[in-house]
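Notes to accompany the following structure.
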Amino acid sequence: MEPLTDLAQTAAKLYGNPLSLAGQNPFAQRLSAGYDLMHRLGKDYIKPEFGLRTIDVDGIDVAVHERVEINKPFCELRRFKRFSDDPATLAKLKEQPAVLIVAPLSGHYATLLRDTVKAMLKDHKVYITDWKNARLIPLSEGKFHLDDYVNYVQEFIRHLQGRYGNCHVMSVCQPTVPVLAAVSLMASRGETTPLSMIMMGGPIDARKSPTAVNNLAMSKSHEWFEHNVIYRVPSNFPGAGRRVYPGFLQHSGFVAMNPSNHAKSHYDYFRDLIKGDDASTEAHRKFYDEYNAVLDMDADYYLDTIRVVFQEFSLVSGTWDVKGVDGKVERVCPQDITGTALFSIEGELDDISGSGQTEAVHSICSGVAASQQKHLEVPGAGHYGIFSGSRWREIVYPQVQAFIHAHQPASIPTTPATKPAATATAKPETVQAAAKSAKPVAKPAAKKPARKS
């Protein structure tokens, strides 16, 4: 479709230019609007930027530098490093908790969580998983399974623990399942687990209040998905030959969930172009530039997710075995988690992860004390409303911030991530007490004022 969309873009500019002969046509504005709409419906949308250059921290502008801290074949661990020349602000930033945001690998890029990151940056050190487009990953990098996803999350958690002593983990939608598996495996081995887990709108137990997404996955066989939605990347991409679930098919599925809403939105865009309403047309472009930017998923990961999460319900059934990087197969046992506080969040009107699916995490994490568990259902919020928009900023984020800070020790010494099993399974209050009594680790430059957080 690229030649057609390029031609449509050219025609839109031609009819939209009042100095051209075509622009003198009495229907020029309508023709320009029609071609512009055709161009946007068929064009290839590139990966958006986070675009977070500064944030406001109590009235002080703090510079943000986005950088890749760990580069894996299928994912980048991206850090939003904050800088300030104000001593008081800098001291405040350095004492804030570290949070790993695990973004979904389910069609859209991690930039869909831009609003989530922006809010979190005011009170936390923020890292995020930025998953790569499978069509751009050469076959030489090998395959990517759901087990690899779980292993990536464990590696990222250990990285933050090595830097800060410990961290908090937030998972949005799809990653709630692999994140819970990662922390469960760490707990079973006696490793230090994160101080808290915030799980938002995810299919922990997809049997509860099944949505259209769940019904599709449960009504079709594993073979049906493999034969009908898996294709090989064409030769004009770096990942040529890789089996993927293509982004354009995922996008079609997104649109098919609410076709009338999208049709009305595009018709309104066409009318706004004719009227010359620049503000409305720009808002439409901004939203759909993000919404239409989709990535291909490796076929093995996608098919594993369908089987484990939506067909066999392996997590809640206690039958999920994960293969580690050392080749050892381990059983996922969420009941082994004891030292990690748990906060689940759902949207009242979520049409992707139904009511009760995320809350189910509390029943399977039986080792976590009731006093360390919390659940929130956000009134009037859909799936995206719990991590983006006004409800996220005004209702959800304040409670997330309070929960994280309630389970953040006053001082966490930087120590190796692996500890004896007795320490790893201690209650949060015991861990906090131990952290407060521990001696700070001496550093050569500790007395010099730092310029970064």
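The values are calculated or read from the model by the stated rules, or taken from the named source; none is laboratory data. The structure presented is a predicted model; accordingly, all values stated were derived computationally and were not measured. Heads up, the Cβs are rebuilt from the backbone with ideal geometry, glycines too, and the neighbour counts pull from every protein chain shown.
Within the stretch 211-239, the set of residues being among the hydroxyl-bearing types (Ser, Thr, Tyr) and over 17 Å from ALA299 (Cβ atoms) comprises THR211, SER219, SER235. Cβ-Cβ distances below 6 Å connect the following pairs, each with a first residue in the stretch 389-409 that is more than 15 Å from SER344 (Cβ to Cβ) and in contact (Cβ under 8 Å) with a residue 12 or more places away in the chain, a second residue that is among the polar types (S, T, N, Q) and assigned to a helix (DSSP H, G or I), and a separation of six or more residues or different chains: PRO409/GLN432.
Residues checked against (1) assigned by TED's automatic domain parsing to the domain that holds VAL183; (2) in a strand (DSSP E or B):
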| site | (1), (2) |
| --- | --- |
| SER32 | no, no |
| GLU76 | yes, yes |
| ASP85 | yes, no |
| LYS118 | yes, no |
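Look at (1) outside the structural domain of ALA134 (by TED's automatic domain parsing); (2) charged (D, E, K, R); (3) under 28 Å from the mean Cα position of the chain (by Cα) and you find that ASP6 fails only one, number (3).
For the stretch 202-216, the criterion of being more than 16 Å from LEU105 (Cα to Cα) and without any contact (Cβ under 8 Å) to a residue 40 or more places away in the chain is satisfied by at least one residue. Residues that are basic (Lys, Arg), within 30 Å of the chain's Cα centre (by Cα) and farther than 23 Å from LYS264 by Cβ were ranked within the stretch 9-55; the one that is surrounded by the most Cβ atoms within 10 Å (Cβ to Cβ) is LYS47. If you go through the stretch 188-218 and keep only what is surrounded by 17 or more Cβ atoms within 10 Å (Cβ to Cβ) and not in a loop (DSSP other than H, G, I, E, B), you end up with SER188, SER196, MET197, ILE198, MET199, MET200, VAL213, ASN214, ALA217. Would you check if there is a residue in the stretch 168-183 being over 14 Å from the mean Cα position of the chain (by Cα) and in a loop (DSSP other than H, G, I, E, B)? No, every residue in the stretch 168-183 fails to be over 14 Å from the mean Cα position of the chain (by Cα) and in a loop (DSSP other than H, G, I, E, B). The numbered conditions (1) modelled with pLDDT under 95; (2) over 24 Å from LYS118 (Cα atoms) are all true for GLY385 except (2). One residue alone among TYR152, TYR127 is aromatic (Phe, Trp, Tyr) and out of contact with any helix residue (DSSP H, G or I) (no Cβ under 7 Å at 6 or more places or on another chain), and that residue is TYR152. Condition check for GLY339 on (1) part of a helix (DSSP H, G or I); (2) closer than 30 Å to ALA406 by Cβ: one failure, at (1). Apart from one condition, LEU139 fits all of (1) under 14 Å from the mean Cα position of the chain (by Cα); (2) aliphatic (A, V, I, L, M); (3) surrounded by fewer than 21 Cβ atoms within 10 Å (Cβ to Cβ); the exception is (1). For the stretch 343-353, the set of residues classified as surrounded by fewer than 22 Cβ atoms within 10 Å (Cβ to Cβ) and out of contact with any Gly (no Cβ under 8 Å at 6 or more places or on another chain) is empty. In this structure, is ALA206 modelled with pLDDT of 85 or more and either among the basic types (Lys, Arg) or in contact with a Phe, Trp or Tyr (Cβ under 8 Å, 6 or more places away or on another chain) (or both)? In short, yes.
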